[in-house]
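A short worksheet on the structure shown next.
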Amino acid sequence: MTSKLALLFPGQGAQVVGMGKEMAVQYPAAAEVFKRADEALGFSLSEIIWNGPEDKLRLTYYTQPAILTTSIAFLEVLKAEGFTPAATAGHSLGEYSALVAAGAMKFEDAVRVVHARGKFMDEAVPAGLGAMSAVMGVDREQLAEICREVSKTHGPVELANVNSPGQVVISGKAEAVEEAGRVLKENKGKVTPLVVSGPFHSTLMQPAADKLADVLQTIEIQDAAVPVIANVTAQPVQSAAEIRDALTRQVSSSVLWEDSVLTMRNDLGIGTFVEVGPGKVLTGLLKRIDKTAKGLLINSPDTYAATVAALKGELAEC
């Protein structure tokens, strides 16, 4: 028996020079998406994606539209197979891909918005004043309490990404993140500073959220055809008003990814998750969140073929 299907879309950090090029060579539908991105932005994003250099692709205002474009290129190829998702979700930036997949946002609008979003996030906090660290092995509630205590004396440090059981990213003022890391190590936590350009998903990003809200008012957003699980609430959003609010708040709020996956599993009855886009981070997190869920990948022509075969196999068993 086939299980309900959800599409997952990766966020920043999944980028690699050359991503999507093989798919574009083999599938005209994928190549067309890269062309549409170049036309929408008024410069050759595809040149940066496919030829780099890497340090240019890593710039937030290029990374964000690059990952969105690559994800939607893979999605357009998958669409031809006729599989209908019961829900979509994306990690941070990936939420825009999820909204495009759900028919709530036009691709051209999305790629322009995330290009601006990347600039706003870069400009929100002067370089070096913010930081992020990955934390392993500390309970979420304990971690939140430590962050609250440190924030009282060192400035804001908050939960940025709740990725899976025992894996959370903290974000905030650099000295506060450093102090929280020191306390966490005393509590047997493993702390890894991340190489990022700013304290994403913290209240320090509020200037970016304010600018983004203005940009989101300039584009058309439709009601989503299927539920999109919002990062900020881990609950479905479908109306245009809900979507605008969720996207605005997301920049300066926690990404509740673990909770989002559990909502899809427990409330929506999703059994099969397909990660559409570069990398395989979300598939790895899925295994940590729920070992019984089925995770598939589309990040290359080979994984595309394997995933389509697996999905058709499920249908054949009905």
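So, Val17, is that one over 22 Å from Gly295 (Cβ atoms) and surrounded by fewer than 24 Cβ atoms within 10 Å (Cβ to Cβ) or not? Yes, satisfied.
Tallying residues that are touching a residue at least 40 places away in the same chain (Cβ under 8 Å), under 22 Å from Ala234 (Cβ atoms) and either of a type outside the set (A, V, I, L, M, F, W, C) or in a helix (DSSP H, G or I) (or both) within the range 75-101 yields 12. Within the set Val16, Val25, the sole residue that is farther than 25 Å from Ala87 by Cα, in a loop (DSSP other than H, G, I, E, B) and of a type in the set (A, V, I, L, M) turns out to be Val16.
Beta carbons closer than 9 Å, at least 6 apart along the sequence or on distinct chains, pair a first residue in the range 129-140 that is under 16 Å from Gln12 (Cβ atoms) with a second that is of a type in the set (Ser, Thr, Tyr) and part of a loop (DSSP other than H, G, I, E, B) for Gly130/Ser197; Gly130/Ser202; Met132/Ser202.
Identify, from the list Ile72, Ile48, the residue that is aliphatic (A, V, I, L, M) and without any contact (Cβ under 8 Å) to a residue 24 or more places away in the chain.
Unique residue meeting the criteria: Ile48.
Filter the range 140-163 for residues that are farther than 26 Å from Ala234 by Cβ and surrounded by fewer than 16 Cβ atoms within 10 Å (Cβ to Cβ) and give the result. Within the range 140-163, Lys152, Thr153 qualify. Look at Ala144 and say whether it is in the same structural domain as Pro165 (by TED's automatic domain parsing) and within 23 Å of Thr248 (Cα to Cα). Judged against the criteria, Ala144 is a match. When the test is whether a residue is farther than 25 Å from Val195 by Cβ, touching a residue at least 24 places away in the same chain (Cβ under 8 Å), small (Gly, Ala, Ser) and not assigned by TED's automatic domain parsing to the domain that holds Ala176, Ala116 does not pass it. Selection over the range 275-313 of residues that are out of contact with any helix residue (DSSP H, G or I) (no Cβ under 6 Å at 6 or more places or on another chain), over 25 Å from Val168 (Cβ atoms) and of a type in the set (A, V, I, L, M) gives a count of 6. What residue, among those in the range 196-230 that are under 17 Å from the mean Cα position of the chain (by Cα) and β-branched (Val, Ile, Thr), is surrounded by the most Cβ atoms within 10 Å (Cβ to Cβ)? Of everything passing the filter in the range 196-230, Ile229 is surrounded by the most Cβ atoms within 10 Å (Cβ to Cβ). Do we have any residue at all in the range 33-42 that's in contact with a helix residue (DSSP H, G or I) (Cβ under 8 Å, 6 or more places away or on another chain), aliphatic (A, V, I, L, M) and surrounded by fewer than 24 Cβ atoms within 10 Å (Cβ to Cβ)? Within the range 33-42 (the criterion being in contact with a helix residue (DSSP H, G or I) (Cβ under 8 Å, 6 or more places away or on another chain), aliphatic (A, V, I, L, M) and surrounded by fewer than 24 Cβ atoms within 10 Å (Cβ to Cβ)), the answer is yes, since at least one residue qualifies.
Got a sec? Which of Gly118, Gly128, Gly166 is at pLDDT below 95 and either crowded, with 18+ Cβ neighbours inside 10 Å or in contact with a helix residue (DSSP H, G or I) (Cβ under 7 Å, 6 or more places away or on another chain) (or both)?
Sole residue among the options that is at pLDDT below 95 and either crowded, with 18+ Cβ neighbours inside 10 Å or in contact with a helix residue (DSSP H, G or I) (Cβ under 7 Å, 6 or more places away or on another chain) (or both): Gly128.
Residues considered: Leu286, Leu311. Of these, the only one that is part of a helix (DSSP H, G or I), surrounded by 15 or more Cβ atoms within 10 Å (Cβ to Cβ), within 18 Å of the chain's Cα centre (by Cα) and touching a residue at least 40 places away in the same chain (Cβ under 8 Å) is Leu286.
As a summary of the residue check, Ser260 satisfies the conditions (1) in a helix (DSSP H, G or I); (2) under 14 Å from the mean Cα position of the chain (by Cα); (3) of a type in the set (S, T, N, Q); (4) over 12 Å from Thr88 (Cβ atoms) except for the one numbered (4).
The values are calculated or read from the model by the stated rules, or taken from the named source; none is laboratory data. Just so it is clear, the structure is predicted and the values come from calculations on it, not from any experiment. Counting neighbours? That spans all protein chains shown, and the Cβs are built from the backbone with ideal geometry, glycine included.
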